[in-house]
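The structure appears right after this line, and notes come after that.
The values are calculated or read from the model by the stated rules, or taken from the named source; none is laboratory data. What you see is a predicted model, and the numbers here were worked out from it, not measured in a lab. Reconstructed Cβ throughout: ideal geometry from the backbone, glycine too, with neighbour counts over all protein chains shown.
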Amino acid sequence: MEQNEKIGYKDIFKQKEYMKMMVAALINRFGDSIDAIASTWIVYELTGSAVWSAVIFGVNKVPSVFVTPLAGAWVEGRNKKAIMIITDLIRAVCVAFVASGYLLGFLQPWMLLVTTCIISTVEAFRGPAGSALTPRVLQAEYYEYGMSLMSTFSSVTELAGTMAAGGIIAVIGAAGAIYLDMATFLLSALIICFVNTREERSRSQIFDGKAYITNLKEGFSYVRKSHEVCYLMVVVLFMNGILVPLNSLEAPMVDEILHGGAEMLSLLSAALTVGMLFGSVTYPVVKKHMSGKKIMVIACVVVAVFYIGIPLCEPFFVNRLFRYGVVIANSLALGYVVAATGAFLSVASVKYVNQEYLARTSGIMSAASIAAMPVLSFIISGLVSFVTTAQCFIFAGVCALLECIWILKNKGIEGNM
């Protein structure tokens, strides 16, 4: 215990293999954040249709939901470092094709659909492979600080990429920005080549359908039978789902409840971001003094206060100073608990899952959490036709309190997390 208390962020920088993986991931994240802006611009410029943008967004999510759990089973027993390198190279080829097609004038909407589908599919293999490698490049006692550092740097990198995207596109064009994304994939693959993942040298395997199905069934069986994994699955689904009302109804909330405009929307987003960064940085310190269960309970209470408190305070929002104070305080708190909870779940999913099932479990949990968001968005889109935004928020707050009660009553996780 004394040894764990001495661990800090400085120790993570000495974990050379993990740092290589982190740098590769951050380079990827920077490129993706620029590509997200450039691709959106290209899609709309190419088609002139918001429908195509929605279709491509949907196609981008489908492989994540359906392929990831299947990919997790396939990844087990194979060289995960090689999988990450190959998938980075495939993504580089795809984005290079899109950039070249746009630059030379032969790019068609259906080509964007195909390349988007390919990229999302290979990412479904890369994710479980990367998750399964974490315990091989980072010792268990460094999980809290290591994964918190990764989360913090990822948020900062994504923010920097998003802010820089406009200037980059203005200077080198949308095609140039996508070529830059290609370069980040290639650089990521190159860095991973030099990572010692401590994997056993695996023989080249011939695909065995029967063995694959068995592997897949074992993964689902493990998730179903493991109390810790089931608990994590419920919490992951809750934390992803509970933010959908805010993400879906952010603009209506600002207009109908806060009676503000674009400046209020910017203030809310900025406060959330600052809260998330602070939550990621301080999570390891908090975890030393607080169990995962307590973190989850506090997170549920903060979410409930956000969703219920803001609508109930609406009559007092005539006072501008009070309105800004409520928004900043609640958004900072929400961002903090979201980041802290995310860090806890990331660490717990590595620490409490048997390494033999890590890729499969990661794939199943990832697919479930991604699927929850569009399903709930669809439900909310129908719900707002009958109820107000404030009523939706209050209902979400009540759901958060029910989740809090469930966590408190779940005695089985008391000593484990």
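Against the numbered list (1) of a type outside the set (Ser, Thr, Tyr); (2) touching a residue at least 60 places away in the same chain (Cβ under 8 Å); (3) surrounded by fewer than 22 Cβ atoms within 10 Å (Cβ to Cβ), Val114 comes up short only at (2). The residues in the stretch 7-39 that are part of a helix (DSSP H, G or I), over 16 Å from Val137 (Cα atoms) and of a type in the set (Gly, Ala, Ser) can be counted, and the count is 5.
Only one of the numbered conditions (1) of a type outside the set (Phe, Trp, Tyr); (2) under 28 Å from Val62 (Cβ atoms); (3) modelled with pLDDT under 75 is not met by Lys351, and that is (2). When restricted to residues that are within 17 Å of the chain's Cα centre (by Cα) and more than 14 Å from Ile83 (Cβ to Cβ), the stretch 120-143 contains 2.
Restricting the stretch 189-202 to residues that are of a type outside the set (A, V, I, L, M, F, W, C) and within 15 Å of Tyr18 (Cβ to Cβ) leaves a set whose member that is modelled with the lowest pLDDT is Glu199. If you check Thr157 against the conditions, is it in a helix (DSSP H, G or I), of a type in the set (Val, Ile, Thr) and within 30 Å of Lys6 (Cβ to Cβ)? In short, yes.
Looking only at the stretch 385-404, residues that are modelled with pLDDT under 90 and either surrounded by fewer than 16 Cβ atoms within 10 Å (Cβ to Cβ) or not assigned by TED's automatic domain parsing to the domain that holds Ile310 (or both) come to 4 in all.
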